[in-house]
Amino acid sequence: MASRFNHSCNANCEQVWNKEQCVMEVRSCTDVEAGQELCVRYIDIRGTLSCRQYLLKKMFSFDCVCQVCSRGTDDDSDSRRSEMACLSDELDHVEPGEEEVSARSQLRRVKKLLELYDQEGLHDQSSRLLAFEAAAALEQYRGNITGSHRWLQRALQCSELIRGSEHPDTRQLRERAEELQTLALNQAAEKGEYYDGVYQVLPYYMAYYLGFLAMQIPWTLAWATPLYLLIGLPLDPYRFGVFVLTTFLVLLFACVAGSAVGAKSRDADGNRAVLMPLIIPATLFSGYVIPFDQIPKIWLPFYYMSPIMWAMSILETSLYEGVVFEDCNPNAPMWRRRCWATGEEYLEHATCETAQKLGVPGMLAVCTVYLLVGLLLNIRMIHRAVLDGNV
Ligand SMILES: [Zn+2]
């Protein structure tokens, strides 16, 4: 019986095999007027007129004279149908799960495909069903359970229309949709609980950062003390204190920045891809790779923004402040000698005026501000990326 149906390039019926009952069912996929011929499609109709004609001739030995084909060449329809073929082919070849960016662009493709089906006025529901299922899988991969459930609902409606509500595939879709709905409700409840009880997150952060500090303070002392002594820096409690405090602040800032970026990226490569473009200019314009007085004016903003510069300026200032170089005659004018008589003279050349004005306490405050900004960024990133379920 099913083999008696004629072909149409915009068929109003679809054939579905029911494996449980071992019957081929033909159901209408759109409204049908009394007396209107019922047709199914023999081939994938997402192709140009000439392409469809060629396939039907080759596979079924007839020239299609369906309503669409008898209108003759229609450039708009041809371009829409060939774009559908390309888009669905691209979607068939990509599995969700490579990258979030590609999941997003694949979703755009699905939406474009659905738009094209509507613009072309295709009755075909099985192609729409595949698109809805693909969109549901992509949204689920992105962690958007509610979105995924919405797409699956639309897939279910299609399946009920063309396969019937008791078809095994429809039942399976319904079960999946119900599971997703439960998951979405649970997620919404958890999110509500989390947002309603921010106070509950505060002890978590306190414990996290206190634990972190408890580890980092002895660790910094353990490696900074031998390093300080090995370099042969002066045995002066003030200078040693500044050295340890600065290295500690830099270390914390690096950890906080790394953790903030880590919350958004999937692996070490993703982390590096964000951090390296920030670290390279911060190092290059820190005043030590290129000396401060040789940095072109246009690059100076990078110098002032570099946390490495501030940390190095603190170390240099604490080391050279108040130092007198005995082998250099301070009474000779600067232009006549090739040396610096005092630490201040050296610092004037090696560091910027702002650093000299701020002094060690001021610069430590700058580093602390950097750390606090990094910390806030870190908390925000963790909230958005981890607790909201986007990673
Ligand atoms: Zn046709």
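Values quoted throughout were computed directly from the atomic coordinates according to the rules given, and no laboratory measurement underlies them. If you're wondering where the values come from, they're calculated on a predicted model, not measured in any experiment. Glycine gets a Cβ as well: all are built from the backbone with ideal geometry, and neighbour counts include every protein chain shown.
Measuring nothing but how far apart in sequence close Cα pairs (under 8 Å, 6+ apart) lie, relative to its length, the chain scores a relative contact order of 11 percent. Across the stretch 2-192, C-alpha contacts under 8 Å between residues 6 or more apart give a mean separation that, scaled by the residue count, equals a relative contact order of 19 percent. Take the alpha-carbon centre of the stretch 321-348, take the same for the stretch 137-172, and report the distance between them in whole Å. Using only Cα atoms, the two centres lie 79 Å from each other. Against the chain, whose longest principal axis is taken from its Cα atoms, helix 100-120 shows a tilt of about 30°. When the chain is treated as a GNM with alpha-carbon contacts under 10 Å, the residue of Glu20, Glu345, Glu133 showing the greatest mean-square fluctuation is Glu20.
So if we plug the beta-carbon distance of Val323 and Ile290 into 1/(1 + (r/R0)^6) with R0 = 25 Å, what FRET efficiency do we get, rounded to 0.05? FRET efficiency, Val323 to Ile290: 0.55.
Angle of helix 125-141 to the longest C-alpha principal axis of the chain, folded into 0 to 90 degrees and rounded to 10: 20°. Using +1 at the C-beta of Lys and Arg and -1 at the C-beta of Asp and Glu, which of Val360, Ile231, Ala273 has the Cα lying farthest in the positive direction of the dipole of the stretch 198-387? The one lying farthest along the dipole's positive direction is Ala273. Springs between Cα atoms under 10 Å define the GNM used for the chain, and in it the highest mean-square fluctuation of Met59, Met312, Met381 occurs at Met59. Computed over every Cα-Cα pair of the stretch 17-77 and binned at 5 Å starting from 0, the pair-distance distribution P(r) comes out as 3, 14, 20, 18, 19, 16, 7, 3, 1 percent.
A simple count of charges around Cys9, restricted to other residues whose Cβ falls under 13 Å of its Cβ and scoring Lys, Arg +1 and Asp, Glu -1, yields 0.
Binning all Cα-Cα separations of the chain at 10 Å, short to long from zero, yields these whole-percent fractions: 4, 15, 19, 14, 11, 11, 10, 8, 5, 2, 1, 0. Residues Tyr370, Tyr208 in ascending order of nearby Cβ atoms (within 10 Å, fewest first): Tyr208, Tyr370. Converting phi to 3J(HN,Hα) with the Karplus coefficients 6.51, -1.76 and 1.60 and the offset θ = phi - 60°, the stretch 5-19 yields 6, 7, 8, 9, 7, 9, 5, 9, 10, 9, 8, 9, 8, 9, 6 Hz in sequence order, with x at every glycine or proline.
Here the residues Leu130, Leu138, ranked from fewest to most Cβ neighbours within 10 Å of their Cβ, fall in the order Leu130, Leu138.
Among Glu14, Glu190, the order by Cβ neighbours within 10 angstrom, fewest to most, reads Glu190, Glu14.
Taking label points 7 Å from Cα along the Cα-to-Cβ direction, Glu90 and Ala189 give a separation of 4.1 nm. With 10 Å bins beginning at zero, the pair-distance distribution over Cα atoms of the stretch 2-192 amounts to 9, 30, 34, 20, 6, 1, 0 %.
With viscosity set to 1.002 mPa s and temperature to 20 °C, compute the Stokes-Einstein D of the stretch 198-387, Rh being the Kirkwood radius across alpha carbon pairs; µm²/s, no decimals.
Once the numbers are plugged in, D ends up at 114 µm²/s.
Karplus-derived 3J(HN,Hα) values for the stretch 299-307, using 6.51 cos²θ - 1.76 cosθ + 1.60 with θ = phi - 60°, are 8, 4, x, 5, 4, 6, 7, 6, x Hz; glycine and proline are entered as x.
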